[in-house]
Amino acid sequence: MGERLKNKVAIVTGAGSVGPGWGNGKATSVIFAREGAKVFATDLNLAAAEETKSIIDKEGGTCTVHKVDVSKADQVKAMVAHCLETYGRIDILHNNVGIVVVGGPVETSEETWDQVMAVNLKSMFLTCKYVLPQMEKQGGGVIINISSIAAIRYTGVPYITYYTTKAGILGFTQGIALQYAGKNIRANAILPGLMHTPMIVEPLKGAYAAGDVEKMIDIRNKQCPTGKMGDAWDVAEAALFLASDEAKYVTGAQLVVDGGITCKFA
Ligand code: NAD
């Protein structure tokens, strides 16, 4: 066990994983716990959060699970209240939840637009709305918002709601970082590149290779300058740095974790 987050309480949203293996929220929860954080692992799918908890428990860490739909204000309010009842404070808010729906502006229904805005972007507004007063009361805290390189580049996949929400997260993060800079509350965004996580399989397999998952993985690997996608641990390590006191002078940053792909011309 490390001590980089010793005695800190961390809310992680989307702490489970949509499929077998390691998603970003799951790996981040585990790595936070390994560094001494008490992890409040929240998810729409309680069983997925419980799987993360069982890994943390086996390693001797501390974790509590909570079921929440982060796009719903009353549920987010209850999540924050439950965390405070359980651990008495909130030092880290890790906003990881994000969904992908393929479609450009013409193909996307109004319902899908509203849903993705709510799950990817409004969710971060809601968690911050209820967590910031507590952090202010405590004299500080750290917020990490998971964006994507899709906020700053066209990835080749036509998902207009994803581009829009992931770019919105950058402005949202800067706004919080600056408003709260003098209050010892830091807010940063992580922009993962092409990562090999369970979340890419279902929503994206059609967009890359007509449903052929192996082929999609091969295409995505070849797109990366390193010849290989990153994984959930790359995102989790970046989050650990931002959450830790080593990053005490880092706020308002957009940390790109992409193996160099956004530096590429073609
Ligand atoms: P994931 O799809 O495995 O999702 C994690 C959990 O989020 C799931 O267990 C799911 O049940 C939960 N969830 C979904 N909707 C929810 C809601 N409304 N309320 C509460 N929980 C909900 O994803 P992950 O691997 O943990 O990472 C996701 C984040 O990483 C997203 O923000 C995604 O946009 C970002 N990202 C991923 C990649 C990639 O290539 N994999 C690249 C860039 C950014």
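The values are calculated or read from the model by the stated rules, or taken from the named source; none is laboratory data. On a predicted model such as this, the values are computed, not experimentally measured, just so you know. Cβ: placed from backbone, ideal geometry, glycine included. Neighbour counts: every protein chain shown.
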| said: Taking the conditions exactly as written (among the polar types (S, T, N, Q) and within 14 Å of the ligand (Cβ to nearest atom)), does T62 satisfy them or not? | reply: no
| What's the number of the condition T42 fails, among (1) near the ligand (Cβ under 8 Å from one of its atoms); (2) touching a strand residue (DSSP E or B) at 6+ places or on another chain (Cβ under 9 Å); (3) not in a strand (DSSP E or B)? | (3)
| request: Could you identify the single residue in L93, L84 that is assigned to a helix (DSSP H, G or I), more than 15 Å from S148 (Cα to Cα) and not basic (K, R)? | output: L84
| message | Looking at segment 198-215, I want the residues that are among the small types (G, A, S) and have a partner that is in a loop (DSSP other than H, G, I, E, B) and surrounded by 14 or more Cβ atoms within 10 Å (Cβ to Cβ) with Cβ atoms under 8 Å, at least 6 apart or on another chain. Which pairs are those? | response | G206/V102; A207/V102; A207/V157; A207/P158
| task | Please verify whether segment 112-119 includes one or more residues that are in a helix (DSSP H, G or I), within 14 Å of the ligand (Cβ to nearest atom) and under 28 Å from E237 (Cβ atoms). | result | yes
| task | For segment 5-20, enumerate the residues that are among the small types (G, A, S) and either within 8 Å of the ligand (Cβ to nearest atom) or at pLDDT below 95 (or both). | result | G14, A15, G16, S17, G19
| query | Taking A73, is it in contact with a helix residue (DSSP H, G or I) (Cβ under 9 Å, 6 or more places away or on another chain), closer than 16 Å to K122 by Cα, modelled with pLDDT of 95 or more and not basic (K, R)? | reply | yes
| In segment 180-193, the residues that are small (G, A, S) and either within 13 Å of the chain's Cα centre (by Cα) or surrounded by 22 or more Cβ atoms within 10 Å (Cβ to Cβ) (or both) | A187, A189, G193
| message | For segment 155-179, give me the residue count where each residue is surrounded by fewer than 21 Cβ atoms within 10 Å (Cβ to Cβ) and either assigned to a strand (DSSP E or B) or away from the ligand (no atom under 14 Å from the Cβ) (or both). | response | 8
| task | Give the number of residues within segment 9-39 that are among the hydroxyl-bearing types (S, T, Y) and assigned to a helix (DSSP H, G or I). | result | 2
| remark: Filtering segment 230-266 down to residues that are small (G, A, S) and surrounded by fewer than 16 Cβ atoms within 10 Å (Cβ to Cβ) yields G260, A266
| said: Condition first: touching a residue at least 60 places away in the same chain (Cβ under 8 Å), surrounded by fewer than 19 Cβ atoms within 10 Å (Cβ to Cβ), among the β-branched types (V, I, T) and within 12 Å of the ligand (Cβ to nearest atom). Can you find one or more residues in segment 121-140 that meet it? | reply: no
| query | Which one of G211, G227 is surrounded by fewer than 22 Cβ atoms within 10 Å (Cβ to Cβ) and modelled with pLDDT of 95 or more? | reply | G227
| Within the bounds of segment 29-37, is there any residue that is surrounded by fewer than 21 Cβ atoms within 10 Å (Cβ to Cβ), of a type outside the set (S, T, N, Q), farther than 30 Å from P158 by Cα and free of Cβ contacts under 8 Å to residues at least 12 places away in the same chain? | no
| Residue ID - nearest to the ligand (Cβ to nearest atom), chosen from residues in segment 184-199 that are under 20 Å from A247 (Cβ atoms) and outside any loop (DSSP other than H, G, I, E, B) | P192
| request: Evaluate the following for V68: is it touching a helix residue (DSSP H, G or I) at 6+ places or on another chain (Cβ under 6 Å) and away from the ligand (no atom under 12 Å from the Cβ)? | output: no
